[in-house]
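K.L.:
Let me give you the structure first, and then I'll get to my questions.
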Amino acid sequence: MWSKDQKECYLKLTLAVYKVTDLFPEREELRQQIRASANKVLADLIWANPHLQLEEICSQIELLENLFDQAKEKGLADPRNFAVLTREYKNVLNYVQNSHISENQADLFSAGKTVEKFLRQPKPIKKSKSRKEKVLEIVNKKERVKVK
């Protein structure tokens, strides 16, 4: 789940969307569409489990970017506003995707580590052999040897 600071950042981004769309005419369709989409992203990020709803968050952010492009083409606000909002939503998207990947990799890594540990259980070596003899025995059994 996200930290309090992250949630606050997402809320501020949504408020920025509202400030920019306040510049639109009140009856402009894009005003409500952009706000609804921004609200959906905010809800998915804050109240739901973002790792389970990654696809939904991605599609909503993509929709927002398309709506920003439409509003920019109509000249509803300064294009720099849309550039900043688009950049910030892309940052959110990258962060969410990387968090999702990192979490999955951590699960895979811990599972893989357990399996690897099991497969690499040390075989009992006779204590009477010297270290050199053990190394030579391993080298003779395998074509390649890595030193860790």
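The values are calculated or read from the model by the stated rules, or taken from the named source; none is laboratory data. Here the structure is a predicted model, which means the values were calculated and not measured. Here Cβ is always computed from backbone atoms with ideal geometry, including for glycine, and neighbour counts include all displayed protein chains. When the accessible area is computed, the model is the full protein with side chains, heavy atoms only, and any ligands, DNA or RNA have been set aside. Shrake-Rupley method; radii C 1.70, N 1.55, O 1.52, S 1.80 Å.
K.L.:
Assess whether Gln70 counts as being open to solvent by 20 Å² or more (accessible area, probe 1.4 Å), among the polar types (S, T, N, Q) and in contact (Cβ under 8 Å) with a residue 24 or more places away in the chain. Working first, answer last.
P.N.:
On the way: open to solvent by 20 Å² or more (accessible area, probe 1.4 Å): yes; among the polar types (S, T, N, Q): yes; in contact (Cβ under 8 Å) with a residue 24 or more places away in the chain: yes.
Spelling it out, Gln70 is indeed open to solvent by 20 Å² or more (accessible area, probe 1.4 Å), among the polar types (S, T, N, Q) and in contact (Cβ under 8 Å) with a residue 24 or more places away in the chain.
K.L.:
Considering only the stretch 77-91, I want to know if a residue exists there that is open to solvent by 70 Å² or more (accessible area, probe 1.4 Å) and either assigned to a loop (DSSP other than H, G, I, E, B) or touching a residue at least 40 places away in the same chain (Cβ under 8 Å) (or both).
P.N.:
No, the stretch 77-91 has no match at all.
K.L.:
Also, I was wondering about something else. Given the structure, is Arg31 out of contact with any Lys or Arg (no Cβ under 9 Å at 6 or more places or on another chain) and surrounded by 15 or more Cβ atoms within 10 Å (Cβ to Cβ)? Don't jump to the end; show me each part of the working.
P.N.:
Numbers: out of contact with any Lys or Arg (no Cβ under 9 Å at 6 or more places or on another chain): yes; surrounded by 15 or more Cβ atoms within 10 Å (Cβ to Cβ): yes.
Spelling it out, Arg31 is indeed out of contact with any Lys or Arg (no Cβ under 9 Å at 6 or more places or on another chain) and surrounded by 15 or more Cβ atoms within 10 Å (Cβ to Cβ).
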